[in-house]
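S.K.: I'd like to ask you about the structure that follows.
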Amino acid sequence: MLTPLDIHNKEFKRSFRGYNEDEIDEFLDRVVKDYEQLYRENVDLKDSIDKLKTKVEHFQHLENTLHNTLVVAQETAEEVKLNAKKEAELIIKEAKVTGQRLLDEANLKVKEKMTEYEEINQRSQLYRTRMRTLVLTQLELLKDSDEAEEE
């Protein structure tokens with residue numbers, strides 16, 4: 001690319017009846033000045049473009065990072081939700097098992113108490129029957145004894 005210094009240092013050959021040297025120098029000075037300004041603007045714009053490219057890359061990287069973070073957060077949320085559901089199901093299952101076990105134990109105790117009650121009731125009836133028989137026997141003996149004394 002042509003630089004302002006290239007334009008400034010450019011020398012033209014002289015020829016007979018050539019162009020006016022002062023006019024050429026004056027024009028070249030203006031060209032150098034304008035070209036130098038354009039050249040600097042071009043350099044500044046390239047620097048700005050490089051900085052903007054760097055910022056765009058930074059923001060693209062940031063966007064990718066945020067996207068990945070969001071994906072991880074969603075996956076983690078789903079995993080936590082799934083684990084919570086599994087844990088809740090396990091707690092419910094354990095509660096049902098425990099409840100059934102307690103119910104079974106209570107039913108067994110009721111059956112045991114019913115059996116115990118039946119045994120006590122049978123013993124009580126047997127005891128009453130024996131006592132009644134004993135009392136009746138004693139009454140018969142007394143009656144026989146009274147009759148024997150009366151005779």
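S.K.: Can you name the residue in the range 42-65 that is closer than 30 Å to residue 2 by Cβ and either polar (S, T, N, Q) or exposed (fewer than 10 other Cβ atoms within 10 Å of the Cβ) (or both) and is also farthest from the chain's Cα centre (by Cα) among such residues?
M.R.: By that ranking, first place goes to 42.
Conditions (1) aromatic (Phe, Trp, Tyr); (2) in contact with a helix residue (DSSP H, G or I) (Cβ under 6 Å, 6 or more places away or on another chain); (3) at pLDDT 95 or above, marked per residue:
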| position | (1), (2), (3) |
| --- | --- |
| 1 | no, no, no |
| 11 | no, no, no |
| 16 | yes, no, no |
| 28 | no, no, no |
| 63 | no, no, yes |
| 69 | no, no, yes |
| 74 | no, no, yes |
| 87 | no, no, yes |
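S.K.: Do any residues in the range 14-38 that are among the hydrophobic types (A, V, I, L, M, F, W, C) and assigned to a helix (DSSP H, G or I) have Cβ atoms under 8 Å from those of residues that are at pLDDT below 85 and surrounded by 11 or more Cβ atoms within 10 Å (Cβ to Cβ), where the two are at least six apart or on different chains, and which pairs are they?
M.R.: Pairs found: 24/12; 28/7; 28/8; 28/10; 31/7; 32/4; 32/7; 32/8.
S.K.: A follow-up question, please. Among the listed residues 149, 119, identify the single one that is among the charged types (D, E, K, R) and loosely packed, with under 10 Cβ neighbours inside 10 Å.
M.R.: 149 is the lone residue from the list that is among the charged types (D, E, K, R) and loosely packed, with under 10 Cβ neighbours inside 10 Å.
The values are calculated or read from the model by the stated rules, or taken from the named source; none is laboratory data. The model shown is predicted, which means the values in this text are computed figures rather than measured ones. Cβ coordinates were reconstructed from backbone atoms using ideal geometry, including for glycine residues, and neighbour counts include every protein chain displayed.
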